[in-house]
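For reference, the structure discussed in these notes is given below.
The values are calculated or read from the model by the stated rules, or taken from the named source; none is laboratory data. Please read these numbers as outputs of a predicted model, since none were measured by experiment. When we count neighbours, we look across all protein chains shown, and the Cβ atoms used for this are built from the backbone with ideal geometry, even at glycine.
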Amino acid sequence: MIRFEPRENVSPARRIGAPVAAALVALLLASLPIAAAGAPVLEAYLLMARGAFGSVFAFSELLARATPLILTGLAAAVAFRARLWNIGGEGQLYAGALAAVAVGTGAISAPPALLIPLVVLAGAFAGGMMMLLPTLLKVRLGADEVVTTLLLNFVVILAVQMMLEGPMKDPMGMGWPQSEPMLDEAMLPKLLERMRVHSGLILALVMAIAVHVFLKRTVWGFEIRAVGENPEAARHAGIPVTATFVRVGLLSGALAGLAGVSEVAGLKGYLTADLSPGFGYTGIVVAMLAGLSPLGVVFAALFIAGIFVGADSMSRAIGVSNYLADLVVATSLICVLVSGLFVRFRIRLVTPKARKADA
Amino acid sequence: MSDILEILLTANFWAAALRIATPLIFGVLGALLCERAGVLNLGIEGIFTAGAMAGWMAVWLGAGLWGGVLVAALAGAAFGLVHAILTVPLGLSQHVSGIGVTLFATSLSYYTYRTALPDVSSPPRIEAFQPADIPYLSDLPFLGPALFQQTPLTFLALAFVVVVAFVLYRTPLGLAIRAVGDNPSAIEAQGLSVTLLRMGTVVAGSALMALGGAFLTMSAFDAFFFNMVNGRGWICIALTVFASWRPGKALIGALLFGAFDAFQVRLQTEVGGVVPGQVFLMMPYLLSIAALVVVARKADYPRAMLKPYFRGQR
Amino acid sequence: MTTGPGEQPVVLALSGITKRFGALMANEGVDLELRRGEIVALLGENGAGKTTLMNILFGHYVADEGTVSVAGADGRLQPMEPGSPGAALRSGIGMVHQHFTLAENLTAFENIVLGTVPLIRPGLAGRNARARLAELMRRSGLEVDLDIRVSRLSVGEQQRVEILKALYRDARVLVLDEPTAVLTPQESDTLFATLKSLAAQGIAIVFISHKLAEVLAASDRVAVLRLGRKVADLPTAECDRQKLAELMVGHAVTPSRREPKAPGAALLTLDGVTAGEGRDSIRDVGFTLHEGEILGIAGVSGNGQATLARLLSGLLPAERGNLFLRDKPVHAHDAGDMIRSGIARIPEDRHRDGVVGAMTVAENLVIEEIRGRRYQRFGFLDFAAIAARAREAIAAYDIRCPGGGAVARLLSGGNIQKIVLARTLDAGPVVVLAAQPSRGLDIGATGDVHRRLLAARARGAGVILISEDLDELFALSDRIAVIHRGHLSAPRPSEELDRASVGLMMAGHHTESEAA
């Protein structure tokens, strides 16, 4: 029989060590599917490591991949702190991307110093609005936000397809459903020559620090933490719970919207309906790995990005399906959930023999 | 106006509605079982995918169709067991665990499919279930083509509505399932195991969900595609609330949904030129949100849902 | 060995029971024997270890040391498998928990037969289940409608279902945890009469209580627990109130008393207020609270107190009627509005509504004023001011904790209540709403709460004290009103009332004849 005894004090080492251990366990567990595919396990790991860290280019790819994950991870972390289950990061990302394209492909012409902030704000605004609806449905009508945000993801992506096949279709796109290219003045500057990593990364890092300060040091952050931990007591203590949820929803959606801006205006330069390979959903894993800490999100996103970039490169080399990366990401979510038990509880094995001796 | 009536009056239309409803019936029955026992199972979307992939692959590898159905159910049960272990004895967040199971089941299904079939350009096909030809019934005018020319899995889904209703309301097991979702200490105080009861129900419910997935690859289509589940699992979660956790209402909800979906597909062919196709494709999701919003205020969630239970706690 | 009634055989023996929760010693070497047909009261303060002991007996917990033995069919004592409610049920032990273990979405009948037949079979219960239950109800006098949902039964009826559940399983030992906590005095009398008749039929009964009067009236024998140890075990006939109180607390007890004081001007007026829905709603409630007055509101839990408290906390709007604070109408949209109007609220469930357990003591001390100028500048928190406030409150209210940075969840109930008192009373409120402020606290912490409320009264604040504890109400209240099914009687000076008359009003008598 297993007994959980709550820990009164949790050391920081344990708090940080648990998710790291969970990530490593998930990575180790990947050897099973690799072996099942009949590939050499050690070589596969080596190729993954080289693909993620083996060169400046590899690492720049990792950073480019981490950028949207930091933003969707922050979106999930902020919302989950308030126990607002925003699973709609994917849809909010597309809403942000759509807004960025609407503003940045020629509707407005302005110098970069003006146009870039406009594109960024438009994306954040669209993402925030996208989350406002389910938040209001939750606080006003009691409709579960998990289901509404999940379903809205599908609606948004269909809306994007509709726009790309209709009014926003690129006439020069040779029939492909894609938007016109962003103006050069609307593109986020590259960070390195001939690499894909772009200044969206700086934006993401700044947002991580800003969200950290927001939650830790401001009244609104205080209120978000209180509502998340105990809504009844928060309401009783006079905290405006509804307004807090709306604030969190807007912030969370805006962050996910920024991920869409960053992909369109930083990386791709135009919008397609397969812009995101599930960054919104992966953001949930990033947030959980980070223990919902905004600064932790940065490290968790780097880890997950490493898995994706490494697995892609390994897949090209020895033909193991790159769905392996999704599998590792899913496994690490489950592992980090379980690892949380080791943080919160002291886990004792009580053998039947010992129990008999007691009795 | 007469066009609309014309659509509604064809047997073809009602046959399509029932066909669209079938996977949802499985899914909603599974979800309502889990939730009746107090466990929200957001693993449903992934379990659908796993059931679709596993059932199809078993048949493709040479199992019989019913063997494939069994394999699908077992796959669903296995992922249900993961969710059950995480949420019941370990008491972890049902929301996050469910999302984790969906990501896990989906990625494992995709990985397995890709590993087994590394480079196929068009998905391989199997000999899927064929519409039944029941003597006399299938030949009835209107009712025959509408109701009695379905594949066996549709009849199985309808049978499960009766079975689940019977178990829930007419057996001691159903009593215990309903009680454990309302007040688990009532179960413990009567000497039953909350853990076993909840885990067992989640595993069984997940097996049912997987059958919904199996219907997609073994009845509705004859191949497995990526993203083929396409939110059907989440729709089931919304419909479960709409059905107020009752098997009979679940059937009605799924049928209404199927009818609406079949209707909009037919409407699409009439006005398709004017309105973009995506508008129609959005309808099921918007309809689900609407269904949820309509009942949300008075929804009577099982009282102990989402709340982990540890022994000796009251 | 105690002398039982006659020479009845021992049916249950607990010996050397020890149970630790972390550093806390919940039970330490407790022995207890129970004979056929006797009624034993297990007396002790909140936190003395009574409920833990009974939970070990019923298998919810496993004792660290010690054994539970039960008489088998042959009358010989045999050790019972620990940690299994199923084993306890099979051994003939039935338990009525303080918080009922009933599924409210099932009928009484379904709750009773739950788990008595194998799970996989058609039909809910054995063929003669109904006949047996009818016979049991007739013999025990516990009448209840078996075929309506438990959620629609009254609390007293639900308790009857709980006892029937035990009897249906042929319980020979019946354990009741604080059975009168939710009953009117009259309902309590009926319950004890039932228990006596069950004992006469040979059932051994243990009931847990911290109320001296009912222990003296209803038990054959009293076992007293203090700080986890059994400090006395003696026939009730040899006890009196004073002696039991001292055994329970460990020293002589001096209850709080208010100083006589003329009330001041009218402060808070409710006029024909109707709010809430269902059983706990309030209907046409009116009263006036004066400065320097404690107004006690007596009543059995679930008669509208929670709704009244939520209304005065700003969490629920009035459907009809008006609130006036010093003749000005109060329009509250949320609790913040009430706080700013100077109404302090001590919530009934301090763990759920009082503190955010995962936040620190300091954060919980400032949470009501976090938007005020004292703790923030331009929306950024002033950590120095928050820490200073924590140090001040921890010293002034003697909050036992490692410091302001400690997580509130880890504090004892008494210390959590001190956090609530510090943050509500230090703001200098004009009205204090105290809902069950001493529930679950030991005598020391209760005395603390009472002193703080009396100090607020002395300062000129008006206090509304909602309580089920008549001793507390009579000790503190200048006037007492009784709430029953959502109707509030007109408040009367507590000197004009006695326990019996208030008890009758709690049961719904006389309320109609009150002048409005």
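Name the one entry in A:Ala287, A:Ala256 that is more than 13 Å from chain B (Cβ to nearest Cβ), of a type in the set (A, V, I, L, M), crowded, with 24+ Cβ neighbours inside 10 Å and within 13 Å of the chain's Cα centre (by Cα).
A:Ala256 is the lone residue from the list that is more than 13 Å from chain B (Cβ to nearest Cβ), of a type in the set (A, V, I, L, M), crowded, with 24+ Cβ neighbours inside 10 Å and within 13 Å of the chain's Cα centre (by Cα).
Condition first: at pLDDT 95 or above, assigned to a helix (DSSP H, G or I) and under 12 Å from the mean Cα position of the chain (by Cα). Can you find one or more residues in the range B:165-177 that meet it?
no
Pull up the range B:282-301, narrow it to residues that are at pLDDT 90 or above and at the interface with chain A (Cβ under 8 Å from one of its Cβ atoms), then point me to the one that is surrounded by the fewest Cβ atoms within 10 Å (Cβ to Cβ).
Within the range B:282-301, the match that is surrounded by the fewest Cβ atoms within 10 Å (Cβ to Cβ) is B:Leu286.
Looking at A:Arg140, A:Arg194 in this structure, which one is under 28 Å from A:Leu251 (Cβ atoms) and basic (Lys, Arg)?
A:Arg140
Filter the range C:232-256 down to the residues that are closer than 22 Å to C:Glu38 by Cβ and touching a helix residue (DSSP H, G or I) at 6+ places or on another chain (Cβ under 6 Å), then identify the one that is modelled with the lowest pLDDT.
The qualifying residue modelled with the lowest pLDDT is C:Arg241.
Quick one: which residue in A:Ala102, A:Ala77 is touching a residue at least 60 places away in the same chain (Cβ under 8 Å) and away from chain B (no Cβ under 14 Å)?
A:Ala102
Sort out which residues of the range A:309-355 are more than 9 Å from every other protein chain (Cβ to nearest Cβ) and at pLDDT below 90, and write them in order of number.
A:Phe342, A:Val343, A:Arg344, A:Phe345, A:Arg346, A:Ile347, A:Arg348, A:Leu349, A:Thr351, A:Pro352, A:Lys353, A:Ala354 - these are the residues of the range A:309-355 that are more than 9 Å from every other protein chain (Cβ to nearest Cβ) and at pLDDT below 90.
Do we find that C:Gly66 is away from chain B (no Cβ under 11 Å), closer than 30 Å to C:Val249 by Cα and surrounded by fewer than 23 Cβ atoms within 10 Å (Cβ to Cβ) in this structure?
Yes; evaluated as a whole, the condition is true for this residue.
State all residues of the range A:1-56 that are touching a Gly at 6+ places or on another chain (Cβ under 9 Å), within 14 Å of chain B (Cβ to nearest Cβ) and either surrounded by 15 or more Cβ atoms within 10 Å (Cβ to Cβ) or aromatic (Phe, Trp, Tyr) (or both); if no residue qualifies, say none.
The answer is A:Phe4, A:Ala18, A:Pro19, A:Ala22, A:Ala37, A:Ala39.
Within the range C:36-63, work out how many residues are away from every other protein chain (no Cβ under 14 Å) and aliphatic (A, V, I, L, M).
Residues that pass the stated criteria total 6.
Confirm whether C:Arg391 is away from chain A (no Cβ under 14 Å) and among the basic types (Lys, Arg).
It is true that C:Arg391 is away from chain A (no Cβ under 14 Å) and among the basic types (Lys, Arg).
To keep it simple, each residue is scored yes or no on (1) closer than 24 Å to A:Ile34 by Cβ; (2) assigned to a helix (DSSP H, G or I); (3) without any contact (Cβ under 8 Å) to a residue 40 or more places away in the chain.
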{"residue": "B:Ala15", "(1), (2), (3)": "no, yes, no"}
{"residue": "B:Pro23", "(1), (2), (3)": "no, yes, no"}
{"residue": "B:Gly38", "(1), (2), (3)": "no, no, no"}
{"residue": "B:Glu45", "(1), (2), (3)": "no, yes, no"}
{"residue": "B:Ala50", "(1), (2), (3)": "yes, yes, no"}
{"residue": "B:Ala72", "(1), (2), (3)": "no, yes, no"}
{"residue": "B:Ala75", "(1), (2), (3)": "yes, yes, no"}
{"residue": "B:Leu103", "(1), (2), (3)": "yes, yes, no"}
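Here is a yes/no grid of residues against (1) under 16 Å from C:Gly276 (Cβ atoms); (2) among the aliphatic types (A, V, I, L, M); (3) more than 8 Å from chain A (Cβ to nearest Cβ):
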{"position": "C:Ser313", "(1), (2), (3)": "yes, no, no"}
{"position": "C:Gly336", "(1), (2), (3)": "no, no, no"}
{"position": "C:Val355", "(1), (2), (3)": "no, yes, no"}
{"position": "C:Ala358", "(1), (2), (3)": "no, yes, no"}
{"position": "C:Glu369", "(1), (2), (3)": "no, no, yes"}
{"position": "C:Gly372", "(1), (2), (3)": "no, no, yes"}
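Hey, can you tell me all the residues within the range A:205-225 that are within 15 Å of A:Phe80 (Cβ to Cβ) and either at the interface with chain C (Cβ under 7 Å from one of its Cβ atoms) or of a type in the set (Gly, Ala, Ser) (or both)?
Listed by number, the residues that qualify are A:Gly221, A:Arg225.
Hey, can you tell me all the residues within the range C:69-90 that are within 11 Å of chain B (Cβ to nearest Cβ) and either within 23 Å of C:Ala181 (Cβ to Cβ) or part of a loop (DSSP other than H, G, I, E, B) (or both)?
C:Gly83, C:Ser84, C:Pro85, C:Ala88
Of the conditions (1) within 14 Å of another protein chain (Cβ to nearest Cβ); (2) modelled with pLDDT under 95, A:Gly269 clears all except one; give me its number.
In the conditions (1) within 14 Å of another protein chain (Cβ to nearest Cβ); (2) modelled with pLDDT under 95, A:Gly269 misses (1) alone.
State all residues of the range C:306-340 that are touching a strand residue (DSSP E or B) at 6+ places or on another chain (Cβ under 6 Å) and in a loop (DSSP other than H, G, I, E, B); if no residue qualifies, say none.
Matches in the range C:306-340: C:Ser313, C:Leu316, C:Ala318, C:Glu319, C:Val330.
Would you point out the residue of the range B:95-105, among those that are in contact with a Ser or Thr (Cβ under 8 Å, 6 or more places away or on another chain) and at the interface with chain A (Cβ under 7 Å from one of its Cβ atoms), that is surrounded by the fewest Cβ atoms within 10 Å (Cβ to Cβ)?
Looking at residues that are in contact with a Ser or Thr (Cβ under 8 Å, 6 or more places away or on another chain) and at the interface with chain A (Cβ under 7 Å from one of its Cβ atoms), I get B:Phe104.
Out of the residues in the range C:96-114 meeting the condition of being facing another protein chain (nearest Cβ under 7 Å) and in contact with a Gly (Cβ under 9 Å, 6 or more places away or on another chain), tell me which one is farthest from C:Leu57 (Cα to Cα).
Filtering first and then ranking leaves C:Asn105.
If you go through the range B:140-164, how many residues are over 16 Å from the mean Cα position of the chain (by Cα) and of a type in the set (A, V, I, L, M)?
Number of matching residues: 4.
In the range C:57-66, which residues are closer than 13 Å to C:Leu12 by Cα and of a type in the set (A, V, I, L, M)?
Listed by number, the list holds a single entry, C:Leu57.
Within the group B:Leu108, B:Leu153, B:Leu117, B:Leu147, which residue is within 14 Å of chain A (Cβ to nearest Cβ) and either touching a Gly at 6+ places or on another chain (Cβ under 7 Å) or surrounded by 17 or more Cβ atoms within 10 Å (Cβ to Cβ) (or both)?
B:Leu108 is the lone residue from the list that is within 14 Å of chain A (Cβ to nearest Cβ) and either touching a Gly at 6+ places or on another chain (Cβ under 7 Å) or surrounded by 17 or more Cβ atoms within 10 Å (Cβ to Cβ) (or both).
Could you identify the single residue in C:Ala309, C:Ala335 that is without any contact (Cβ under 8 Å) to a residue 60 or more places away in the chain, assigned by TED's automatic domain parsing to the domain that holds C:Arg279 and aliphatic (A, V, I, L, M)?
C:Ala335
Determine whether A:Pro134 is touching an Asp or Glu at 6+ places or on another chain (Cβ under 8 Å) and within 14 Å of another protein chain (Cβ to nearest Cβ).
So A:Pro134 fits the description; yes.
Yes/no matrix, rows are residues, columns are (1) closer than 23 Å to C:His333 by Cα; (2) out of contact with any Ser or Thr (no Cβ under 9 Å at 6 or more places or on another chain); (3) modelled with pLDDT of 95 or more:
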{"site": "A:Glu193", "(1), (2), (3)": "no, yes, no"}
{"site": "A:Ala208", "(1), (2), (3)": "no, yes, yes"}
{"site": "A:Val219", "(1), (2), (3)": "yes, yes, yes"}
{"site": "A:Phe222", "(1), (2), (3)": "yes, yes, yes"}
{"site": "A:Leu255", "(1), (2), (3)": "no, no, yes"}
{"site": "A:Gly280", "(1), (2), (3)": "no, no, yes"}
{"site": "A:Ala290", "(1), (2), (3)": "no, yes, yes"}
{"site": "A:Pro294", "(1), (2), (3)": "no, yes, yes"}
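Test each condition in (1) free of Cβ contacts under 8 Å to residues at least 40 places away in the same chain; (2) within 26 Å of B:Ala77 (Cα to Cα); (3) of a type in the set (Phe, Trp, Tyr) for B:Phe215 and report the one that comes out false.
Answer for B:Phe215: the failing condition is (1).
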